[in-house]
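Structure first, commentary second.
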Amino acid sequence: MGVVFVHGVRSFESLQRRATPLALGRMTLLVASLNDIIKSKRAANRPKDRAVLDVLQATLDEKTKTHPS
């Protein structure tokens, strides 16, 4: 069964547009952007999501520093 609901995301189409394709063998997976993952975890606000937010945000901050848009 796939994901039915993603907290903090208005539509799967918008999530998909911002996703990055990742080749895995003969398949291509779409990986949500780090911004979308952080937004979703903030919106879900569960203990397990809050537990990783600092690491995800630090990763995004570092990525932004080394690869500015």
For the pair T59 and R18, the simple spin-label estimate (label points 7 Å beyond Cα toward Cβ) gives in nm 1.6 nm
Label point distance in nm, R26-V52, each placed 7 Å from Cα along Cα→Cβ:
3.0 nm
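Using Cα pairs under 8 angstrom and six or more residues apart, how large is the relative contact order of the chain, in percent? Before the final figure, lay out each step's value.
Numbers: 52 pairs, mean separation 18.5, N = 69.
That works out to 27 percent.
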For segment 10-21, in order, what is each residue's ³J(HN,Hα) by Karplus, 6.51 cos²θ - 1.76 cosθ + 1.60 with θ = phi - 60°, in whole Hz (x at glycine and Pro)?
6, 8, 5, 4, 5, 4, 5, 4, 8, 6, 10, x
For Rg and Dmax of the Cα atoms in Å the list reads (1) 10.8, 29; (2) 13.3, 37; (3) 21.5, 71; the calculated value is entry (2)
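Based on DSSP loop calls and a cut-off of at most 12 other Cβ atoms within 10 Å, the longest stretch of the chain free of exposed trypsin sites (Lys or Arg not before Pro) is what? Kindly include the intermediate steps, with their values, before the conclusion.
Values: sites that count: R10, R26.
That would be 27-69.
How large is the accessible surface per residue of segment 15-69, computed with a 1.4 Å probe and reported in Å² as a whole number? The partial results should precede the final answer.
Working: 4440 Å² over 55 residues.
Solvent-accessible surface per residue comes out at 81 Å².
The values are calculated or read from the model by the stated rules, or taken from the named source; none is laboratory data. Note that this is a predicted model, so its numbers are computed, not measured. All Cβ positions, even for glycine, are placed from backbone atoms using ideal geometry, and neighbour counts span all protein chains on display. Calculation scope for accessible area: heavy atoms of the full protein, side chains included, ligands and nucleic acids excluded. Shrake-Rupley method; radii C 1.70, N 1.55, O 1.52, S 1.80 Å.
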